[in-house]
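**Q** So that we are looking at the same thing, I have put the structure below in structure tokens.
The values are calculated or read from the model by the stated rules, or taken from the named source; none is laboratory data. Keep in mind that this is a model prediction, so the values were computed, not measured. Cβ coordinates were reconstructed from backbone atoms using ideal geometry, including for glycine residues, and neighbour counts include every protein chain displayed. Ligands, DNA and RNA are stripped out before the accessible areas are found, and what is left, the full protein with its side chains, is counted by its heavy atoms. Shrake-Rupley method; radii C 1.70, N 1.55, O 1.52, S 1.80 Å.
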Amino acid sequence: MYYLDSEKSIIKKFQMVNPKSVYFLMENEESIKVFESIHDQENWKQWIESAGKSDPPPDFFTDTYMYMMDVMRVDDHSYKNKKGKVVNPTNSHIRDVEKEIIQSGIMELCPNAELIINAHTNLPTDEDHNYQYYYKNFTRVVEHHKKSIDLYKKNHPNYKVIFFIMDESFAYFVAENIEDATKEKHIGDMILGRPHFHFWDKNFIRVFENSSIDYLIWYTPFKYVNSSIGKLDLPEVCVFNIKEPIKQCMEYDEKHMISAEI
């Protein structure tokens, strides 16, 4: 199984995050408690998995902390085609590679192994992934899960709702010149710009602010930018207390947005 297909594997990877890479947008005791209940392996033992097809949603809950959590994946590859169907060329290619590996019999030698596949579609960058795909897919996934919150609360009355987002996108940055944003990119190109702070981006924040979500954990393990002064690391995890106002928001011109992944 491709390791990101499993909610438990995503949490296991999340638990390896250095706490210094975590950004609390509204740092308070409860936000830290929410994070530590999942990140700390001992605390995680208090959670119960409910992610099976026949299990009542959401994916996890804990009677000890009175939290419930749904885990979801977003990326910047998915988009709606002309027929209105959501397609993801990268995931389709991953499935093909996964099938080839399984058919080869290699996995039988390591039955407990989880596949980590870095698949390339060979599509031009803007056709493979872009900022518009990114925030539209983020919106589509979160809105879909928001529709089930009433059911979550029916199954677990008075429990806090946590949305855990596994974000598979790479970092973006804002090109200073529109010409740099629209030209074909190649490995090694140097472009003048500044990092995209996804956690302050109004296109994303408006999806979950003033909602019935209580806490949002936004896990972005692949976001970093190579610059002339070295590697710029963005927070690997951002923790939001949705009931508190998000004071710092930014608007970005999508015409200037470039993925750090070529």
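**Q** Tell me, what is the 1.4 Å probe accessible area of Phe60, in Å² to the nearest 10?
**A** 0 Å²
**Q** Turning to a different aspect of this structure: Per residue, how big is the convex hull of the range 126-168 when only Cα atoms are used? Give it in Å³.
**A** Values: hull volume 3.1 nm³, N = 43.
Measuring per residue, one finds 71 Å³ for the Cα hull of the range 126-168.
**Q** Hey, how many Å between the Cα centroid of the range 197-216 and the Cα centroid of the range 148-164?
**A** Between the Cα centre of the range 197-216 and that of the range 148-164, the gap is 18 Å.
**Q** Still on this structure, I have one more. Simple spin-label model, 7 Å along Cα-to-Cβ: Ile191 to Tyr224 in nm?
**A** 2.0 nm
**Q** Accessible surface of Thr139 in the full protein assembly, 1.4 angstrom probe, to the nearest 10 Å²?
**A** Roll a 1.4 Å probe over it and Thr139 shows about 40 Å².
**Q** Follow-up question, since we're still on this one. Measure out, as a whole number of angstrom, how far apart the alpha-carbon centroids of the range 235-252 and the range 42-62 sit.
**A** For the range 235-252 versus the range 42-62, the Cα centre distance is 26 Å.
**Q** Give me a comma-separated list of calculated 3J(HN,Hα) values for the range 162-175, in order, Karplus coefficients 6.51, -1.76, 1.60 applied at θ = phi - 60°, integers in Hz, x for any Gly or Pro.
**A** Result, rounded to whole Hz: 10, 9, 10, 10, 8, 9, 8, 6, 7, 5, 10, 9, 9, 5.
**Q** Kindly state, to the nearest 0.05, the FRET efficiency for Glu244 paired with Asn158, given R0 = 25 Å and r defined as their beta-carbon distance. Kindly include the intermediate steps, with their values, before the conclusion.
**A** Working: r = 20 Å, r/R0 = 0.79.
The formula returns an efficiency of 0.80 here.
**Q** Next up: Working with all protein chains in place, sort Leu192, Leu234 by solvent-accessible area computed with a 1.4 Å probe, largest first.
**A** Numbers: Leu192 115, Leu234 25 Å².
So, going from the largest accessible area down, we get Leu192, Leu234.
**Q** Probe radius 1.4 Å, ligands and nucleic acids left out: which of Glu42, Glu29, Glu261 has the largest accessible area, and how do the rest follow? Intermediate values should be presented prior to the final figure.
**A** Numbers: Glu42 115, Glu29 160, Glu261 35 Å².
Most to least solvent-accessible, the answer reads Glu29, Glu42, Glu261.
**Q** Would you please give the residues with an amide H less than 5 Å from that of Leu234, counting only those at least 5 places away or on a separate chain, with H modeled from the backbone geometry?
**A** Amide H to amide H, under 5 Å and 5 or more residues apart or across chains, Leu234 pairs with Val225.
**Q** Ignoring ligands, DNA and RNA, how do Phe24, Phe14 rank by accessible area with a 1.4 Å probe, largest first? Numbers along the way, then the final one.
**A** Values: Phe24 35, Phe14 0 Å².
Solvent-accessible surface, decreasing: Phe24, Phe14.
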